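Please read the structure below before turning to the comments.
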Amino acid sequence: MGVLLVILYALTIPAANWLIGHVGTVCIPNGPCLIPVFPSLMAPSGVLMIGAALVLRDLVQRRYGKWTSIGCILIGAALSFAVAPPGLALASASAFLFSEFVDFAIYTPIAERSFPLAILLSCSAGALADSALFLWLAFGSLTFIGGQFVGKLYAAIAYLGVRGVIKLESNYNREFSRR
């Protein structure tokens, strides 16, 4: 399972770049393909992959340590050039590197005290940093920043919810097996 986390994390950026150009309910000519993330709120379709990247980075660091996480950040940024036009890839790689290091800087000191809080705070900061920098560099506008931020936070919230259900189920099964 651990190696799969590393692979998935490294592939989130090229997947996000591919989605931006190919998948959405609306595709703007010479711009991104968009998806709805909330009523009246749209975001470039790669937003869901970046939300996953923010959570996966935290999980990779928790399992393999800081240096593996940093290596994955660099690999993910480099891979983005394989699937996107150079301008989009540069914007994506720049935003990814910056936001993942913001995520890293916040997650690291908090994780030992509270893993769920570390995920929520680091993903929030990383999502905001990635959204602002990517949108500005790729499209020269912050038009979709609200949608970007909301879409990325879905991944963190979904992970925390799934983690809570799994933990409750595990505790229930342990308690039930004692009877």
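For T12, state whether it is polar (S, T, N, Q), open to solvent by 90 Å² or more (accessible area, probe 1.4 Å) and modelled with pLDDT of 85 or more. Here the answer is no, as T12 does not meet what is asked. Inspect all residues belonging to region 62-75 and state whether any of them is among the charged types (D, E, K, R) and surrounded by 21 or more Cβ atoms within 10 Å (Cβ to Cβ). No, region 62-75 contains no residue that is among the charged types (D, E, K, R) and surrounded by 21 or more Cβ atoms within 10 Å (Cβ to Cβ). Condition first: over 15 Å from V3 (Cα atoms), out of contact with any Asp or Glu (no Cβ under 9 Å at 6 or more places or on another chain) and of a type in the set (V, I, T). Now tell me which residues in region 55-114 satisfy that. Result: V55, V83, I106, T108, I110. Checking each residue of region 26-36 against the condition of being part of a helix (DSSP H, G or I) and in contact (Cβ under 8 Å) with a residue 40 or more places away in the chain gives no match. Of all residues in region 102-152, those satisfying the criterion of being open to solvent by 30 Å² or more (accessible area, probe 1.4 Å), under 16 Å from the mean Cα position of the chain (by Cα) and modelled with pLDDT under 85 are F104, P116, L120.
Within region 43-57, the presence of at least one residue that is under 15 Å from L153 (Cα atoms), under 13 Å from the mean Cα position of the chain (by Cα) and not in a helix (DSSP H, G or I) is confirmed. Annotation: A53 fulfils all but one of (1) more than 26 Å from P116 (Cβ to Cβ); (2) open to solvent by less than 30 Å² (accessible area, probe 1.4 Å); the unmet one is (1).
The values are calculated or read from the model by the stated rules, or taken from the named source; none is laboratory data. This one's a predicted model, so the numbers in the text were calculated from it and none came from an experiment. We place every Cβ from the backbone using ideal geometry, glycine too, and count neighbours over all the protein chains shown. Heavy atoms of the whole protein, side chains included, go into the accessibility calculation; ligands, DNA and RNA do not. Shrake-Rupley method; radii C 1.70, N 1.55, O 1.52, S 1.80 Å.
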